[in-house]
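Reviewing the structure listed below.
The values are calculated or read from the model by the stated rules, or taken from the named source; none is laboratory data. Not measured: the values here are computed from a predicted model. So basically every Cβ, Gly included, is an ideal-geometry build from the backbone, and we count neighbours across all protein chains shown.
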Amino acid sequence: MDQHQNAHIYWKKNKKYLLTLLCIWFIVSFGAGILFKDYLNTFHLGGFKLGFWFAQQGSIYVFVILIFIYVRLMNSLDKKFGYSEDDTN
């Protein structure tokens, strides 16, 4: 595989990761905080209705977790394609 084709596959996988993680964040923030809030409000977390909690706190926590997942995914992708920072050429 040549360098150009290798880079194309790398960025295709990177975009797939981004799209997947942003969709998860959208579902959690918009879905849980707005669309499904009435159902989620029948449950409580820490004394607050769950729909309210997701709208105010939960989506932020999920976003931070997704950042760490993205970093981990990209580190493994970098190593797989030889773009790792650990390489000392």
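Computed values, structure above
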{"item": "In the range 38-89, residue modelled with the highest pLDDT [restricted to those that are farther than 21 Å from Ile24 by Cα and of a type in the set (Gly, Ala, Ser)]", "result": "Gly47"}
{"item": "Helices (runs of 4 or more DSSP H) (entirely within the chain) containing at least 2 residues that are in contact with a strand residue (DSSP E or B) (Cβ under 9 Å, 6 or more places away or on another chain), surrounded by 12 or more Cβ atoms within 10 Å (Cβ to Cβ) and free of Cβ contacts under 8 Å to residues at least 40 places away in the same chain", "result": "37-40, 50-53"}
